1. Hey, could you check the range A:49-65 for residues that are within 14 Å of another protein chain (Cβ to nearest Cβ) and in contact (Cβ under 8 Å) with a residue 60 or more places away in the chain and say which is nearest to A:ILE11 (Cα to Cα)?
2. In the range A:257-286, what residues are within 31 Å of the chain's Cα centre (by Cα), over 15 Å from B:GLY235 (Cα atoms) and not in a helix (DSSP H, G or I)?
3. Residues being more than 7 Å from every other protein chain (Cβ to nearest Cβ) and buried (at least 18 other Cβ atoms within 10 Å of the Cβ): count how many of those fall in the range A:267-286.
4. What are the residues in the range B:229-241 that are modelled with pLDDT of 95 or more and at the interface with chain A (Cβ under 7 Å from one of its Cβ atoms), if any?
5. Among the residues of the range B:114-129, how many are touching an Asp or Glu at 6+ places or on another chain (Cβ under 8 Å) and either of a type in the set (A, V, I, L, M, F, W, C) or farther than 25 Å from A:VAL87 by Cα (or both)?
6. Taking the stated definitions as given, is B:GLY78 closer than 26 Å to A:GLN237 by Cα and either under 17 Å from the mean Cα position of the chain (by Cα) or in contact (Cβ under 8 Å) with a residue 24 or more places away in the chain (or both)?
7. Scan (1) at pLDDT 95 or above; (2) surrounded by fewer than 23 Cβ atoms within 10 Å (Cβ to Cβ); (3) farther than 30 Å from A:ILE232 by Cβ; (4) facing chain B (nearest Cβ under 7 Å) for the single condition A:ALA83 breaks and write down its number.
8. Looking at A:VAL74 and the list (1) crowded, with 22+ Cβ neighbours inside 10 Å; (2) within 9 Å of chain B (Cβ to nearest Cβ); (3) of a type in the set (Val, Ile, Thr), which single condition is not satisfied?
Amino acid sequence: MRIPLNPVILIDDRTEVSRQALTLARQFGEPAAIALDAFQPFAPDAVAASVVAQDPSAVFGPGTERGNDVMARVAARMGLPFAANCVAVTPGDAVTLTRLRWGGSLLEEARLHSPRPLITVAPHAVRPDDGPPPPEIHVDRPDDREFVVQVRERIQPSDGGVSLAEAKVIVSGGRGVGSKEGFAIIEELAGLLGAAVGCSRAVTSAGWRPHSDQVGQTGTKVSPDVYIACGISGATQHMAGLKGAKRILAINSDPQAPLMLNADYTVTGDLKEIVPAISAEIRKRR
Amino acid sequence: MRVAVCVKRVPITGGRIVLTDDAQAINTQHLGFTISPHEECGVEEAVRLVEANKGESIVFTIGPAEAVEQLRDCMALGIDRAIHVRTYGRDWDGESTARVLFDVIRANEEDEGQFDIIFFGNESADSGGFQVGMRVAHALGRPCVTGLKKVTVEGSSVRCEQDVDGARDVYVVQLPAVLTVKEGLNLPRYPSVPGRMRARSKPVVTLNVERPEQRLELVKLAVPAGQGRRAESLGAGAGAASAIVDMLQQAGVV
């Protein structure tokens, strides 16, 4: 396989997001791929060095934690600007692009003034084309100093509980739950539904729940079939984590709370009465 | 031990983002300000490291005159002093932010010695560029590990833990290092009243630097269209339980 001079490079993690990045990259030429896991275990500087060694004319990658990490290393090495989490890109003297701000709560239209655009693509933002997969460049092992930052060990999670990111149903509580102990009724309902327990940032900041339960921009982004939000006002920080939810049920004493206006179903009232009543109704029907 | 932490003043957006008439910024007329949540954990970690190991912590920011409020907040939590690069009006892109932070950090290190750790948030809450820490690390020639949920200093090295696909990846790098952290790293303390009092008299150095050329140039902002959720009322109070469970059955989860 011959790789052209100054190729368009796709940093490829072999997921849907990389295929979306590939679709945008094709506007700039015929991309060739370098695998994000070209070196095992993961060594981000080694991947970045391999990308830069191709003297690329443009680099695209997935807007994931690892994709953004490696692209930032590429940008620092090449001394060029980098636009993260783009949803649309148009070639030109200056590349015109749209990217996500505030975890997707705001769109930014920008111009990238760079001879060699460096772009990551936000998940779910682009419909992937059905063009052929890119040829993969088999890279040589870079110098040892590129392996100073390398994964030494992977700790697997202990089993138990439903993972928030994968859960089909989530029962989530906010400041309106009132206390750490107040989550007993949330946990009871979650148990009956086989659901994961979630919460808002106000709850983790107060120390009522661990950060691993937090849904939102700086917590976990979720995509359940049903999301039951109890006493959560719906700040943009929280809503940024909810975009993938199929159905949202909001329970709140304030009918004007932002989450009540952005839910599929609403119930107005005191969650301390409503949540146990739902649990009782489920038990009754079984 | 010398520890630095870099922070950015951002608005507390609340429930609904409203833009200025020219769509260049968020209308912050009625909003409070804070620092990015990830950075709050960087501040807490810096304070804990200096409490445990002695030494000094410095907070850096690039922002408007009012950003001194956020610097005082950081010092109320225990950061020793602050360096403030003042901006006038417009935001800076990630590349120019990193270039100027590097200059300012290097100048400080030449006078006072190397930082063992420089903390950044993994990404800023507002622009989410995912790059400032990495660029500063590269310019300083130091290793950078991103997205950390746990940081443990072990002698002359630091053990770094990162959440990946439900598992946890561990890196170990030598100090000095640049670490970008995420919320969940720790539970930041609340400022105490004596802490706030002490913060008032802690030193803030203000620097003026010309805004570099912006190669990622903001054209305008837009609020994305809503997701068209219909907000159908299922009733009020405990009496709504039956309608709720009907809905859950339709959704196939009961």
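1. So the residue we want is A:GLY61.
2. Selection gives A:ALA257, A:ASN262.
3. Matching residues across the range A:267-286 total 3.
4. If the condition is that a residue be modelled with pLDDT of 95 or more and at the interface with chain A (Cβ under 7 Å from one of its Cβ atoms), then B:GLU232, B:SER233, B:LEU234, B:GLY235, B:ALA236, B:GLY237, B:ALA238, B:ALA240, B:ALA241 are the ones that fit.
5. 3
6. Here the answer is no, as B:GLY78 does not meet what is asked.
7. Among (1) at pLDDT 95 or above; (2) surrounded by fewer than 23 Cβ atoms within 10 Å (Cβ to Cβ); (3) farther than 30 Å from A:ILE232 by Cβ; (4) facing chain B (nearest Cβ under 7 Å), A:ALA83 violates only (2).
8. The single condition A:VAL74 does not satisfy is (2).
The values are calculated or read from the model by the stated rules, or taken from the named source; none is laboratory data. Here the structure is a predicted model, which means the values were calculated and not measured. Cβ atoms come from the backbone with ideal geometry, glycine included; neighbour counts cover every protein chain shown.
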